[in-house]
Amino acid sequence: MRVELVNIGKKYEGRENFTIRHIDLAIEDKDFCVILGPSGCGKSTLLRMIAGLNSITEGDLLFDGKRMNKVEPKDRDIAMVFQSYALYPHMTVYDNMAFSLKMRKEKKTVIHDRVKEAAELLQITEYLYSKPSEISGGQRQRVALGRAMVRKAGVFLLDEPLSNLDAKLREHMRVELVRLHKSLDTTTIYVTHDQTEAMTMATKIVLLEDGKVQQVGVPSEFYDRPQNLFVAGFIGSPTMNVFHGQMENDLFKADDDLFTVEPNEQDKKKLQTYDGKRVVLGIRSERFLAGKAPKNQITVKIDVIEMLGKEQLLYCEFPNGKECVISEPGYFEYATDEAHNFHLDTAGLHFFSEETNERIN
């Protein structure tokens, strides 16, 4: 099912400002769309508007071209999975999964077949006659997913379903959700604050901040071509290193004379109109190259080392105290308080206007 949001806005009664404003978004049939953003950005509110649990103040919500603004949640052909699982503790796993079908007065044979099919897909068949209190958190999450699956809905809505799980189980469930989406072949809209979930699962990411869309696209675009400084800082771990400075004669000169960079020819063309103007340079941690070079070099002192196995993160300081994070292979030998030379890979530079925070394209 195709879901389209046209100039959607939400304003709660008694509040002066809109929580969400001017959201234009098209989610294609069978997309796995992740709505991403920090706490309070409006992502759960937006999901609840799609579900019909929150009213729409302005704009239109369309399912396959049909306006859904006033349609009751039960008539929207959706299935929702909540962060808290919301299972009935006195019912068995089977009865929890079958509940919505029983309310719709489906035939017993249909209910049994759908519950069995979902349980097999989620690998919880052996727990069908257990109570929620008798199974683990990961298994309860699968039951919540199964309860949604049996409805055979046109749109799956998931509101931070993995946030209550431990790190190892979250990693496992991310893979399971991708497999589940492929097998169900259904439009899925997933809300999270976790960029790892978004980057690993989504076919499309929608990044929100303060109720407004900052960027929409496939995961690689967010990492390789962030459209503004908020996106650059939110996506990526560690976050992008950012340096303020000024363009002078095709050179970027960082504040406090930290370093000077000559951009590559492609970036020089983009920056022609910024000569004499303030700009921001962004560079990912892995784009610092070890060793001296004729140009684009920096010298920093290593303050802290985080060894992560295949890589190590070097938290470094410039002479003026400005910090940056550099990623190097784990087998390279470094020690704290050592001074080292690195040079910047000009193919990995990002330039933003200091005035607007927008990417210079």
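The values are calculated or read from the model by the stated rules, or taken from the named source; none is laboratory data. Note that the coordinates shown come from a computational prediction; the quantities given were computed from them, not determined experimentally. All Cβ positions, glycine included, derive from the backbone under ideal geometry; neighbour counts span all protein chains shown. These accessible areas exclude ligands, DNA and RNA; they are computed on the full protein's heavy atoms, side chains included. Shrake-Rupley method; radii C 1.70, N 1.55, O 1.52, S 1.80 Å.
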Query raised in the report: Just for segment 161-219: of the residues that are modelled with pLDDT of 90 or more and of a type in the set (Ser, Thr, Tyr), which one is surrounded by the most Cβ atoms within 10 Å (Cβ to Cβ)?
Result: Tyr190
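Can Ala86 be described as within 25 Å of the chain's Cα centre (by Cα), under 30 Å from Ile135 (Cβ atoms), modelled with pLDDT under 95 and not in a loop (DSSP other than H, G, I, E, B)? Break it down stepwise before answering.
Details: within 25 Å of the chain's Cα centre (by Cα): yes; under 30 Å from Ile135 (Cβ atoms): yes; modelled with pLDDT under 95: yes; not in a loop (DSSP other than H, G, I, E, B): no.
When the stated conditions are applied, Ala86 does not pass them.
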Report summary line: Met199 fails exactly one of (1) within 26 Å of the chain's Cα centre (by Cα); (2) within 21 Å of Ile50 (Cβ to Cβ); (3) among the hydrophobic types (A, V, I, L, M, F, W, C), namely (2)
**Report entry** Residues satisfying the stated conditions in segment 265-276, i.e. touching a residue at least 24 places away in the same chain (Cβ under 8 Å) and loosely packed, with under 14 Cβ neighbours inside 10 Å
**Finding:** Lys270, Asp275, Gly276
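Within segment 304-322, identify whether any single residue is among the acidic types (Asp, Glu), touching a residue at least 12 places away in the same chain (Cβ under 8 Å) and open to solvent by 70 Å² or more (accessible area, probe 1.4 Å), and answer yes or no. Before you say what the answer is, go through the steps one by one.
As a first pass, look at segment 304-322 and keep what is among the acidic types (Asp, Glu): 306, 311, 317.
In the following step, the residues that additionally are touching a residue at least 12 places away in the same chain (Cβ under 8 Å) were identified as 311, 317.
Now drop any that are not open to solvent by 70 Å² or more (accessible area, probe 1.4 Å), which leaves none.
No.
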Requested in this report: Return a yes/no flag: does segment 122-130 have any residue that is out of contact with any helix residue (DSSP H, G or I) (no Cβ under 8 Å at 6 or more places or on another chain), surrounded by fewer than 19 Cβ atoms within 10 Å (Cβ to Cβ) and at pLDDT below 95.
Outcome: yes
Query raised in the report: How about segment 204-249: which of its residues are of a type in the set (Val, Ile, Thr) and either out of contact with any Phe, Trp or Tyr (no Cβ under 6 Å at 6 or more places or on another chain) or more than 21 Å from Ile326 (Cβ to Cβ) (or both)?
Result: Ile205, Val206, Val213, Val216, Val218, Val231, Thr239, Val242
Report task. Look at Ile50 and say whether it is touching a helix residue (DSSP H, G or I) at 6+ places or on another chain (Cβ under 8 Å) and modelled with pLDDT of 90 or more. Result -> no
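For segment 99-208, list the helices (runs of 4 or more DSSP H) that sit wholly inside it and hold at least 1 residues that are within 16 Å of Val34 (Cα to Cα) and charged (D, E, K, R); which are they?
Numbers: elements: 108-122, 137-149, 167-184, 195-201.
Once the helices (runs of 4 or more DSSP H) in segment 99-208 are filtered for at least 1 residues that are within 16 Å of Val34 (Cα to Cα) and charged (D, E, K, R), what remains is 167-184, 195-201.
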Query raised in the report: Across segment 15-33, what is the number of residues that are part of a strand (DSSP E or B) and more than 20 Å from Arg2 (Cβ to Cβ)?
Result: 3
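Being farther than 14 Å from Phe259 by Cβ, touching a Phe, Trp or Tyr at 6+ places or on another chain (Cβ under 7 Å) and modelled with pLDDT of 95 or more: is that true of Leu281 here? It would help to see each step written out before you state the result.
Details: farther than 14 Å from Phe259 by Cβ: no; touching a Phe, Trp or Tyr at 6+ places or on another chain (Cβ under 7 Å): yes; modelled with pLDDT of 95 or more: yes.
It is false that Leu281 is farther than 14 Å from Phe259 by Cβ, touching a Phe, Trp or Tyr at 6+ places or on another chain (Cβ under 7 Å) and modelled with pLDDT of 95 or more.
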Query raised in the report: Given the conditions (1) among the hydroxyl-bearing types (Ser, Thr, Tyr); (2) under 17 Å from Tyr190 (Cα atoms); (3) crowded, with 17+ Cβ neighbours inside 10 Å, which single one is not true for Thr19?
Result: (2)
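Condition first: open to solvent by less than 30 Å² (accessible area, probe 1.4 Å) and of a type in the set (S, T, N, Q). Can you find one or more residues in segment 65-74 that meet it?
To start, the set of residues in segment 65-74 that are open to solvent by less than 30 Å² (accessible area, probe 1.4 Å) comprises 68-69.
From what's left, of a type in the set (S, T, N, Q): 69.
Yes, segment 65-74 contains a residue that is open to solvent by less than 30 Å² (accessible area, probe 1.4 Å) and of a type in the set (S, T, N, Q).
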Report summary line: Per the list (1) within 22 Å of the chain's Cα centre (by Cα); (2) farther than 30 Å from Phe234 by Cβ, residue check on Thr187 breaks on (2)
Report task. With the condition kept exactly as written, say whether any residue in segment 327-338 is among the hydrophobic types (A, V, I, L, M, F, W, C) and assigned to a strand (DSSP E or B). Result -> no
Requested in this report: Among the residues of segment 32-55, count how many are open to solvent by 30 Å² or more (accessible area, probe 1.4 Å) and over 14 Å from the mean Cα position of the chain (by Cα).
Outcome: 4
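Which count do you get for residues in segment 244-258 that are in contact with a strand residue (DSSP E or B) (Cβ under 6 Å, 6 or more places away or on another chain) and either in contact (Cβ under 8 Å) with a residue 40 or more places away in the chain or of a type in the set (A, V, I, L, M) (or both)? Explain how you work it out, then say what you get.
Of all residues in segment 244-258, those in contact with a strand residue (DSSP E or B) (Cβ under 6 Å, 6 or more places away or on another chain) come to 244-247, 251-255.
Pick out the ones that are also either in contact (Cβ under 8 Å) with a residue 40 or more places away in the chain or of a type in the set (A, V, I, L, M) (or both) and you get 244, 247, 251-252, 254.
Qualifying residue count for the region: 5.
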